[in-house]
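In what follows, a single structure is set out as structure tokens and then discussed.
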Amino acid sequence: MANGSTSWTEAEFGQLDLGDARLNRRARTLMESMAAAPTASVPKACNGWGETMAAYRFFDNDSVEWQAVLEPHWQQTEQRMAAESVVLCLQDTTELDFNGQQAKGLGPLSYEAQRGMYLHPTYAVTTAREPLGILDVWMWAREPKKEDGKRGGPKESLRWIEGYERLAELAPRLASTRLVYVADREADMMPLMARAQQLGMPLDWLVRATHNRCLPNSEKLWPHTTEGAALGEIEFMLAARPGNKARIVRQHLWARRVELKAGKGKTVQATCIVAREYGALAGTKAIEWRLLTNRVATTAAEVAELIDWYRARWEIEMLFNVFKAGCKVEQLQLGRIERIERALALYLVVAWRIAYLMRMGRTCPDLDASLFFDPDEIQAAYLLNKKRPPTAPTLNEVVRMIARAGGFLARKGDGEPGAKTIWEGICDVRASAHTIKTLREMGMLASCV
């Protein structure tokens, strides 16, 4: 896929430095192959036995740290962030189930008998939900429980605090960009909020509350916040979820500046927000969100903006969906957790790229497709749909052609394609583009057209 005259893998990994030029080339070649066939196994994604063996040697190279593989992408992500006035830094954890595999170094999951590992990235998106890239990642396997029922290893809740600390380190380098740390209920921890207040950095946090805390005057947080009339109301379309149809949601909004207890004689300043649905249809569970943030919000417009930013947290769920269901990382059979980590680092960037294409195809449909795809890929997308490409196809047109190759029906009521049909279509398009390139190099293209 192109980025002007430079392939996107070159743009993301051109500065890769693993201490060896040959390793750098191998990593970039491997990324190209995995991006071309995100749903395929490693042998199927690679071009022949030689490239397959090179891929396995790369994953098995203990001198390569997975962090070094992601470093160039982190740098590119930071550059993209610098062009934005506000960037939402989404954090969440996903479970990777490798049950039944004999890979060394894996640990228990939600159930002690399961085998796998955990992944906790920071995912940067714009307020318009355009994916900017991966910023930071935790990867770990749990230790088994001891006889006393306790588990060894670092305390897992530290990942939320360290995620904020990494953003605090980044904030001074992005003086013109306001960073907002966004997380779900698992991040509702007083140590996180106290640490953020202690650091005093120009960095916001916005988390969904799970604890109805006692305030210093002994009142409860949520009833205190909703005393009196609502500030205003919002209305939005809630996207369809498994088992639930898309529907319009209307919520009343409250906000109250509060002091939260943070240990003996200490408090944290925060704003509590409650968004409570009204008029929900019978049989539909009303949606109520309770949020905490360090930002001051006193008007309905300010509160509505924060609600919109929280709703963008769904983007990291979409990233996980592409990563697991699309790239099929849970089917990796690499024998050791260190090998798996190197593969996961590469696939995280592939998953981001697919999510990026999907979002840009929707929000910037009229961009020139050649900014994202090379000519052979554009020709292949139309060829697979038995159509001739126009003189200057747009991004949305090509993305829809790719999605149609992946099973998108493109009927009037189907809307825009999702990540699944895009990643399925990319495999066929890249294979067809490779065939076009090979025929041209062999001088056979003219006789086949």
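Values quoted throughout were computed directly from the atomic coordinates according to the rules given, and no laboratory measurement underlies them. Since we're looking at a predicted model, the values are computed, not measured. Note that we place each Cβ from the backbone using ideal geometry, even for glycine, and neighbour counts take in every protein chain shown.
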Low-density loop GluC sites (Glu not before Pro), the stretch 141-220, at most 13 other Cβ within 10 Å, DSSP non-H/G/I/E/B, are E147
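How high is the relative contact order of the stretch 233-325, in percent, with contacts defined as C-alpha pairs under 8 Å that are six or more residues apart?
21
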Rounded to the nearest 10 degrees, the helix 337-363 long axis (Cα) sits at an angle to the longest Cα principal axis of the chain of 90
Rounded to one decimal in nm, the spacing of the 7 Å Cα→Cβ label points at W314 and M444 is 4.7
Once Lys and Arg are counted +1 and Asp and Glu -1 for all other residues with Cβ under 10 Å from that of N99, the total becomes -1
Relative contact order in percent for the stretch 172-222 (Cα pairs under 8 Å, 6+ apart) equals 40
Descending packing, highest mean Cβ count within 10 Å first, for 87-97, 389-399 is 87-97, 389-399
Contour minus Cα-Cα span, E288 to D62, at 0.36 nm per residue, comes to 76.6 nm
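Would you mind counting up the charge near T391? Only other residues with Cβ under 12 Å from its Cβ, with Lys and Arg at +1 and Asp and Glu at -1.
-1
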Per residue convex hull volume, Cα only, the stretch 335-449, in Å³ is 137
Rounded to the nearest 10, the angle in degrees between the Cα long axis of helix 190-199 and the longest principal axis of the Cα atoms of the chain comes to 80
Checking L291, L215, L357 against a Gaussian network model of the chain (alpha-carbon springs below 10 Å), the top fluctuating residue turns out to be L215
Chymotrypsin sites (Phe, Trp or Tyr not before Pro) in the stretch 107-156 lying in a DSSP loop, each with at most 14 other Cβ atoms within 10 Å of its Cβ, come to Y111
Taking trypsin sites (Lys or Arg not before Pro) in a DSSP loop with at most 13 other Cβ atoms within 10 angstrom as exposed, one finds the longest site-free stretch of the chain at 1-145
The pairs in K285/K328; K386/K412; K220/K264; K324/K412; K155/K328 lying past 26 Å Cα-Cα in this model are K285/K328; K324/K412; K155/K328
For R178, the residues 5 or more places away or on another chain with a placed amide H closer than 5 Å to its own amide H are V86, V87
Sorted by chain and number, the residues with a modelled amide H under 5 Å from that of D136, at a separation of 5 or more or across chains, are T122
So the angle from the long Cα axis of helix 300-311 to the longest Cα principal axis of the chain, reported in degrees to the nearest 10, equals 50
Zone reached by a paramagnetic label modelled 7 Å from A83 Cα along Cα→Cβ, restricted to the stretch 116-155 with backbone N below 20 Å, covers 123-136
Rounded to the nearest 5, the percent of antiparallel DSSP beta bridges in the chain equals 80
